[in-house]
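Colleague: There's a structure below that I have some questions on.
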Amino acid sequence: MIVCNNGSYKKPAGDTRNNWVTMMFPTKCRFNCFGKQSHINTCTQAFRDLERFGFEFGDFGFARNHVHFPINVPKKYSLEGAEIMLKSYSSKKMFEMHPGFRKRYPRGSFWSGYEHHESTGLKNLEESSDYCRNQQLHHGVFVIDDCQQRLSC
């Protein structure tokens, strides 16, 4: 019997596992901050900016006072570390883009200390995404579209 082993083991180039989690972040004091499309766009873009660190996001679902979203957390971050990154960066961007929030949140804390997360396997990832997409319908929320649009020439 001949053993063929060259002694070389190559580690896969990327993260081969998935760590999909569905998270829910409520705003501080449950203030209704996501009634305008510009606020939703700012928060979504802030989360998407963190994709450069390896985070993958599913569909975002905004109700008036909270957000649901599935996220694939990279191996190098714990759930607590990921939550801190997401909340701190997104609140910083919200205060930068919408200075009026400083009146409502004078201490600079946009998100509540509460958070909810649950593991989401690949089998029920689509169910979780559907739930996130249908938040406005589920809560009966009407969002005001206050974003500027370009005029056609």
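Coordinate-derived values only; no laboratory data. Computed from a predicted model, the values in this text were never measured in an experiment. In this analysis, Cβ positions are derived from the backbone assuming ideal geometry, glycine residues included, and neighbour counts consider all displayed protein chains.
Colleague: Once you list every other residue whose beta carbon is under 15 Å from the beta carbon of SER112, what net charge do they have if Lys and Arg are +1 and Asp and Glu are -1? Show your work: numbers first, answer last.
Modeller: Numbers: positive: LYS28, ARG30, ARG64, LYS87, ARG104, ARG107; negative: GLU83, GLU115.
With Lys, Arg at +1 and Asp, Glu at -1, the neighbours total +4.
Colleague: Ok, one more. Convert each backbone phi in the stretch 97-103 into a coupling constant with the Karplus relation 6.51 cos²θ - 1.76 cosθ + 1.60 (shift: θ = phi - 60°), then list the ³J(HN,Hα) values in order as whole Hz, x for Gly and Pro.
Modeller: 7, 10, x, x, 5, 5, 5
Colleague: Could you order the peptides 24-37, 76-89 from most to least packed, using the average number of other C-beta atoms within 10 Å per residue?
Modeller: Values: 24-37: 16.6, 76-89: 14.7.
In descending order of packing, they fall as 24-37, 76-89.
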